[in-house]
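*Asks:* Below is a structure I'd like to ask you about.
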Amino acid sequence: MRTGNLYIISGPSGTGKGTLVQELLSRVPDIWVSVSATTRPPRPGEIEGVHYFFKSVSEFDELIENDGLLEWAEVHGNRYGTPIAAVRDMMDKGAQVILEIDPQGAMQVLARIPESRLVFIKPPSFEELRRRLEGRGSETPEQIELRLRTAEIEMKFEGKYDVVVNNDDVHRATNEIVAFIDSCANDKKEA
Ligand code: 5GP
């Protein structure tokens with residue numbers, strides 16, 4: 001069995017991170033994707049424990065107080081965090097562990113686990129990002145503007161990532177990430 005690693009995938013909302021992670025599930029046999037906790041209400045079709053663990057603000061506070069989170073951050077006015085126990089367990093089992101989290105969270109994980117590998121997903125352009133956000137129809141115009149403003153801030157973190165993948169084509173972008181995972185899985189990063 002090859003060595004497990006911790007991979008952080010970040011990128012502005014609407015860049016297609018979710019689709020890429022779905023593709024990775026069928027391409028990387030020893031992959032495990034963390035399920036985050038959030039105070040954001042579920043969108044239609046989202047399932048508890050599959051897409052997120054949906055929490056009240058006080059439940060989220062409790063997770064923080066009990067050191068239950070590897071990292072957490074406020075994104076677009078809601079809180080999101082990575083439950084630590086499952087990540088530890090799957091790392092011990094040697095899985096390729098994936099966290100799909102924002103750059104603030106990514107920097108916290110990197111500080112705690114310096115051998116983490118960071119993958120930044122870029123939209124082909126800002127105009128394309130707007131088009132995708134408007135096209136998916138799950139946010140109000142105000143929420144879209146907020147996500148675009150956050151995107152501008154998040155793009156500034158690009159240089160802190162090990163690899164930057166332009167998601168102009170899902171198939172090609174997936175291939176790039178799979179190749180990166182394959183190259184890391186047998187080659188421990190110097191902390
Ligand atoms: P959404 O509300 O669209 O599902 O997610 C919004 C943003 O929250 C995404 O950009 C995603 O990367 C980020 N996010 C999701 N889970 C986590 C988490 O556990 N921690 C942090 N820091 N960010 C997260």
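*Asks:* Got a number for residues in the stretch 78-107 being within 10 Å of the ligand (Cβ to nearest atom) and either open to solvent by 40 Å² or more (accessible area, probe 1.4 Å) or in a strand (DSSP E or B) (or both)?
*Replies:* So the count comes out to 10.
*Asks:* Could you tell me whether the stretch 1-10 includes any residue that is outside any strand (DSSP E or B) and within 15 Å of the ligand (Cβ to nearest atom)? So that I can check it myself, show each step before the final result.
*Replies:* Restricting attention to the stretch 1-10, the residues satisfying the condition of being outside any strand (DSSP E or B) are 1-4.
Still in the running and within 15 Å of the ligand (Cβ to nearest atom): none.
Within the stretch 1-10 (the criterion being outside any strand (DSSP E or B) and within 15 Å of the ligand (Cβ to nearest atom)), the answer is no, since none of the residues qualifies.
*Asks:* Yes or no: the stretch 17-29 includes at least one residue that is away from the ligand (no atom under 11 Å from the Cβ) and assigned to a loop (DSSP other than H, G, I, E, B).
*Replies:* Looking only at the stretch 17-29, we keep the residues that are away from the ligand (no atom under 11 Å from the Cβ), and these are 19-20, 22-29.
Subsequent filtering for residues that are assigned to a loop (DSSP other than H, G, I, E, B) retains 28-29.
Yes, because at least one residue in the stretch 17-29 is away from the ligand (no atom under 11 Å from the Cβ) and assigned to a loop (DSSP other than H, G, I, E, B).
*Asks:* Sort out which residues of the stretch 34-73 are open to solvent by less than 70 Å² (accessible area, probe 1.4 Å), β-branched (Val, Ile, Thr), part of a loop (DSSP other than H, G, I, E, B) and closer than 18 Å to residue 17 by Cα, and write them in order of number.
*Replies:* 35
The values are calculated or read from the model by the stated rules, or taken from the named source; none is laboratory data. The structure displayed is predicted, hence computed values, not measured ones. Cβ atoms come from the backbone with ideal geometry, glycine included; neighbour counts cover every protein chain shown. Note: accessible area is taken over every heavy atom of the protein model, side chains too, but ligands, DNA and RNA are not part of it. Shrake-Rupley method; radii C 1.70, N 1.55, O 1.52, S 1.80 Å.
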